[in-house]
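Below is one structure, written out as structure tokens; the observations come after it.
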Amino acid sequence: MHHNFSNWTLWNNRNSLSGLNFPGVYCLAISETDLSGKDFSWIPEIVYVGMTNSKAGLNGRLKQFDNTIIGKSGHGGADRFRFEYPNYNELIKKLYVAVNVFECDVSSNMPKDLKQMGEVAKFEYICMAEYVKHFKTLPKFNDKQNSPKYSLTYGRGE
């Protein structure tokens, strides 16, 4: 499978990644060993695959994710992270991100941009399929059946 994922980057250094203003797919890994700068590969430490086609791009989606693991709401996958990792400062010491950027204009109705946005959505599923091929299961926090949400368990159910 061809991919153009960035190298693994520590969560707090994610803004150093290029192309975050564009849509794309992102993978999150939790690792006790330092993955910083390592080439992306399908590793068992990957716990989430996500995507965005929003105008705010990957930057906006990763910010939503960050806000949710801090304790606000807005990202379902991050809400499942919080259930298992309620301590933000502990989590981000071992949270890594890799992104695959799809350059296009999300506010355009031009065929090339619409096709590219379709490729983003398709690629997220291709990534999940690739993970399942390697590890026979979905990434932990993509598995909605076996990964409860913090807000529905401890929160106000927002």
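The values are calculated or read from the model by the stated rules, or taken from the named source; none is laboratory data. What you see is a predicted model; the values in this text were computed from it and never measured. Don't worry about glycine lacking a Cβ; one is built from the backbone with ideal geometry, like all the others, and counts go over all protein chains shown. Ligands, DNA and RNA are stripped out before the accessible areas are found, and what is left, the full protein with its side chains, is counted by its heavy atoms. Shrake-Rupley method; radii C 1.70, N 1.55, O 1.52, S 1.80 Å.
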Once the dipole of the range 16-158 is set up from charges on Cβ (+1 Lys and Arg, -1 Asp and Glu), the residue from the list I43, H75, G60 lying farthest towards its positive end is H75
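For the chain, with every protein chain kept in place, what is the accessible area per residue (1.4 Å probe, Å²)? Walk me through the numbers before you get to the answer.
Details: 8370 Å² over 158 residues.
Computed with neighbouring chains in place, this is 53 Å² per residue.
So if I take the alpha carbon set of the range 1-93, get Rg, then get Rh from the Kirkwood formula, what is the Rg over Rh ratio? Don't jump to the answer; show the numbers that get you there.
Working: Rg = 12.8 Å, Rh = 13.7 Å.
Using Cα coordinates only, the ratio equals 0.93.
Which entries of K94/K144; K93/K140; K115/K136; K38/K72; K112/K140 have Cα-Cα distances beyond 26 Å here? Kindly include the intermediate steps, with their values, before the conclusion.
Working: K94/K144 22 Å; K93/K140 19 Å; K115/K136 30 Å; K38/K72 31 Å; K112/K140 34 Å.
Violating the 26 Å Cα-Cα cut-off are K115/K136; K38/K72; K112/K140.
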In whole percent, the Cα-Cα distances of the range 53-126 spread across 5 Å bins from 0 upward as 3, 15, 21, 20, 15, 13, 8, 4, 1
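Rg/Rh for the range 109-153: what does it come to with C-alpha atoms and Rh from Kirkwood?
Values: Rg = 14.8 Å, Rh = 12.6 Å.
We get a ratio of 1.18 for the range 109-153.
In percent, what relative contact order does the chain have, based on Cα pairs under 8 Å that are 6 or more apart in sequence? Don't skip to the answer; put the middle values down first.
On the way: 271 pairs, mean separation 50.0, N = 158.
Relative contact order for the chain comes out at 32 percent.
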Taking every alpha carbon pair in the chain and sorting the distances into 5 angstrom bins from 0 up to the bin holding the longest one, the percent per bin comes out as 2, 9, 19, 22, 21, 16, 8, 3, 1
